[in-house]
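Any read-out appearing in this document is the output of simple, stated calculations on the displayed coordinates, not a laboratory observation. Since the model is a prediction, treat every value here as computed from it, not as a measurement. With ideal geometry, Cβ positions are generated from the backbone for all residues, glycine too; neighbour counts draw on all protein chains shown.
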């Protein structure tokens, strides 16, 4: 007989009352705060705790380096107290969705007492520690940092359970088809079960201004401003460009502005600080192949750091290195008890430093249509009391009003700063009456102004000056006119767009469609019963009928899930992209994607039409058609838009309802107004992209924690509802505002306008490649004769837009070219010779065409 | 600052050690609390925290996930005091509760024993209220399965 809520509560209370009775007294305060000479109670050193599992893995990995399989090791007899670790070694190409399935399936087994995911980076670090005394092994590891596999380590109580878990894993995920490569077992204990924030465990920081990239562990802190105040921009040509630490970094200095004084003062006994400065050093020493303590000379100890912060035993080093002809200064500081792995991570961060390809080659020449102001040489010389040269650029103007401009007339948006001999300073004029207008002269448009608002500022280098707002955040040719106490200043500058190349052209038939080879094929829904497949490299297009597709207004007409195209309404089908074999998934009004990429939700309304009554919902496997959950009633007044972990996100008139299918209840509501769901990211810590009302703001909410990132469009226009799409690696999100495509880099949380496609009358669809930064967009060409298709690389920000002679394209998915041959056929037709409808659908045929 | 930290610690330590013991067992509970407090003190004073109680509950929950859960089960002995369930059932329920994943055990302890609302428990656990409700549902389902099987 089922227990009531009150009975459950009583049982739990009994249990916890008993546990509380058993609980000992808390430690005395004095016992906790006594000087720490050893690790705190409860601390377990990772090298010791992981030794057993790591040793087995390394032995196997080194001896069977060329084998795709790892041998199963027989562990020593385990005592009851020690337990057994099953290390499930994972294939290198396991994706986030597969990993999530493996973790979910294996860690929820009651025989698994504890578990831990160890990615390749951590396995490498473990191995370095474990084999620190073996020079040959260390060399091998350093030369092959990806040698060791990622593992899922499962702790069982005994050897019998360990073997049972292996059997379970083999039955559920037979290698090598699903990412698991094999097993190794060992005695030992696990000390941590925290999931990494990302699978790689590393965040890559890209500094576009200085053209470098560097990777650091995601649980470290990167400084968001300069730590050492004296390290400034030109004219000294020294710039602190990157600082990271194991603790929050506090900028500033009271006594020694040439070192990160405040950050060093906060350095704890187990902490590490790393800072990189470009320029200013002698740069004599070559950049080491692999950083380590020996990379620095004994004289590289920064004496001023030790003396300024009064820590004579500070373990700090500062060195100047030459990397590809450029000076790079490195400053590292270790707390007295910084662990070996933190020190190792520090060296690996430095090892990851690299110049990016575009660092020194990007130049922009203003077009003739933009008559930028080129300052005369020598430039304006301010009167005595002002510096003869500015910190950046050159002086331009008159004594009544002057500013700094760049010598080439090109400037990214910045604060508009102005000097005048008539400006007496902030004490006398807190808000100087200076008027500034910005006018685009390359296109017609209304000027913008600062509204007469300005403020004051002071630096030792440049004295008192006025700040009169920010340059408009929009590329173009801008004329600035400023006036103050009878003096007027006018100049023109070019604000370049993003460092990208946009091409709009119909290329010759010999070229790849987008000018570059891309390993993808686009499959378009034709709005009727077929698929239009386009191979942009080979310039092959084909139309074919696909099982289950038919005209309709279902919300998802074509969805890619685990290598299957899911289509249809009434009866939903899954079509294997590679083989084109189809399987009916069930009878339901519609389907929506699930959070698990191997599944979809079927939604069946009793009235047979969307929103007609309370629907029954259940999940099915796209590969087998198997029903994976019992139908349950979703009694929420709204539209079930997309799957979330364990349930559905439902669009309602009063927010996005997160509905949990296991309990049949609403567990949370996002927003308060009419809501629109765009997409859910797959993998660990799924995020939901949604907006409400006018969609002026796009929300990206982590479902588990509720952490919310909001994005506004750089164009100022509202986002199109339901337009946003996560890239499959979850690094980027793309959305449309009309015909502008906005991309958000979710690592830097910064949006940019990627490109504009079509005109205001044509809806735009978006789709990401199965992996990587390739984004595609197309205009809807249903009942039209042509469409535009865009390719954009979100890392390089290169774009190509082409016009194609195909009508009848609605939405699309992007698939691996190697898997799409079943949809492609090279035939000497013209596109118009293959209209959608006359194609025979029994059996399905393909009508191909080439050379467009 | 140290005096204020000591006052805060002495005020909270009783309930903190009981919570820690509920998650990792009575033998390891004090160690876990000690580790958490030591770690916090290397970075900041307890008096600097906006809500030391919630912060430390959250820290204990996180630390418990890193702990060896398997010791817990053996350290629980049967309670002879009157209870809502028969003694044999209580043993079963004890085992079932201590076999729950740490997060589920945290949720049941905070809500059913300390009387937190799901929203308050969510704050102490660093997750959403809906997630707490889900943990409670899963815990109840598991408990019901175990009790059914034992009959």
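At a glance:
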read-out: Residue A:105 versus residue A:611: modelled label distance in nm, points set 7 Å from Cα along the beta carbon direction; value: 3.9
read-out: Two-site FRET efficiency, residue A:821 against residue A:626, from Cβ-Cβ distance with R₀ of 30 Å, rounded to 0.05; value: 0.65
read-out: Gained length - residue B:49 relative to residue B:150, 0.36 nm times residue gap less alpha-carbon distance; value: 31.8 nm
read-out: Net lengthening on full extension, residue A:422/residue A:455 (0.36 nm per residue, minus Cα-Cα); value: 10.4 nm
read-out: Cα convex hull volume per residue for segment A:698-796 (Å³); value: 106
read-out: Inter-site label distance for residue A:381 and residue A:146 at 7 Å from Cα along Cβ, in nm; value: 6.0
read-out: Taking A:240, A:22 and counting other C-beta atoms within 10 Å, the order from fewest to most; value: A:22, A:240
read-out: Test item: A:265-277 mean partner chain Cβ contacts at 10 Å; value: 1
read-out: Likely footprinting exposure, A:825, A:163, A:336, fewest C-beta neighbours within 10 Å first; value: A:336, A:163, A:825
read-out: Chain lengthening between residue A:696 and residue A:167 when straightened (0.36 nm per residue, less Cα-Cα); value: 185.2 nm
read-out: Taking A:435, A:587, A:535 and counting other C-beta atoms within 10 Å, the order from fewest to most; value: A:587, A:435, A:535
read-out: Debye log10 I(q)/I(0) at q = 0.13, 0.18, 0.19, 0.20 Å⁻¹ for segment A:611-766, Cα point scatterers; value: -0.63, -1.09, -1.17, -1.25
